[in-house]
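Below: one structure, written as structure tokens.
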Amino acid sequence: MKGSLDDFANFLTELGKKCEKQGIQLLYHNHDMELKPDENGVKPLDYLLEHTDPKYVNFQMDLFWMTRANADPVAYFEKYPGRFKSWHVKDMDEQDRFAPVGKGKIDFERILANRNKSGMNYFFVEQDRVFDGLKPLEAIRISHQGLKEFGFDKIMQ
């Protein structure tokens, strides 16, 4: 798989160069699959972080998928400082399903306290699915309140 990861890292870097010429920056969004070691023990996300040029390629960390893969977002901020320019902020319930922000088990307080290490400039709340009779607009209201409780509203002022 290393060859295909090399090809993919090179592709992302070339794409990132094209993006830069257009005045935009390429951010790669993770899921849990990029955190599972391949047959050589290599985690694709780590490989991409180590083999792409930060001038052209950075990352959008999905906090749900990081947690789902049992990866520590803060450890990634420390190992790869400044590489996570945006976050997908989603929570996870006790059954490992999507939950409104603040109604799950993700430690947003700890993660947000390490924001500067990550390089995060923007965050996006995403509610992929709702469960247990919760309506999508109610999930949005709950997440909006959860963002305030953790202090997300203060960092973007």
Quiz item: For the chain, which whole percent of the accessible surface, found with a 1.4 angstrom probe, sits on carbon and sulfur atoms?
Solution: 50 percent
Quiz item: From the cross-link list 79/135; 79/154; 55/148; 18/103; 43/85, which pairs have alpha carbons spaced over 30 Å apart?
Solution: 79/135; 55/148; 18/103
Quiz item: What is the spread of the Cα atoms of the chain along each of their three principal axes, largest first, in whole Å?
Solution: 45, 38, 26
Self-check item: Candidate residues 48, 134, 112: accessible-area rank, largest first, probe 1.4 Å
Solution: 134, 112, 48
Quiz item: If you put +1 on each Lys and Arg Cβ and -1 on each Asp and Glu Cβ, how big is the dipole of region 95-157 around its Cα centre, in Debye rounded to 20?
Solution: 120 debye
Quiz item: Can you give the calculated 222 nm mean residue ellipticity of the chain, where each DSSP H run of n ≥ 4 adds -39,500 (n - 2.57) and the sum is split over every residue, rounded to the nearest 500 deg cm²/dmol?
Solution: -12500 deg cm²/dmol
Quiz item: Counting only heavy atoms of protein chains, what accessible area per residue, in Å², does region 1-123 have with a probe of 1.4 Å?
Solution: 51 Å²
Quiz prompt | Order of exposure, largest accessible area first, which applies to 20, 149, 78 with probe 1.4 Å | solution = 149, 78, 20
Quiz item: Using Cα pairs under 8 angstrom and six or more residues apart, how large is the relative contact order of the chain, in percent?
Solution: 18 percent
Quiz item: When averaged across all projection directions, what area in nm² does the alpha-carbon convex hull of region 1-89 cover?
Solution: 5.5 nm²
Practice problem: Using amide H atoms built 1.01 Å from N in the peptide plane, name the residues 5+ places from residue 121, or on other chains, whose amide H lies under 5 Å from its own. | Solution: 86
Practice problem: Using only the Cα atoms, work out Rg/Rh for region 70-157, with Rh taken as the Kirkwood radius, to two decimals. | Solution: 0.97
Quiz item: How far is it, in nm, from the label point at residue 25 to the one at residue 131 when both lie 7 Å from their Cα along the line to the Cβ?
Solution: 3.4 nm
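The values are calculated or read from the model by the stated rules, or taken from the named source; none is laboratory data. Here the structure is a predicted model, which means the values were calculated and not measured. Cβ atoms come from the backbone with ideal geometry, glycine included; neighbour counts cover every protein chain shown. The area values use the complete protein model at the heavy-atom level, side chains included, leaving out ligands, DNA and RNA. Shrake-Rupley method; radii C 1.70, N 1.55, O 1.52, S 1.80 Å.
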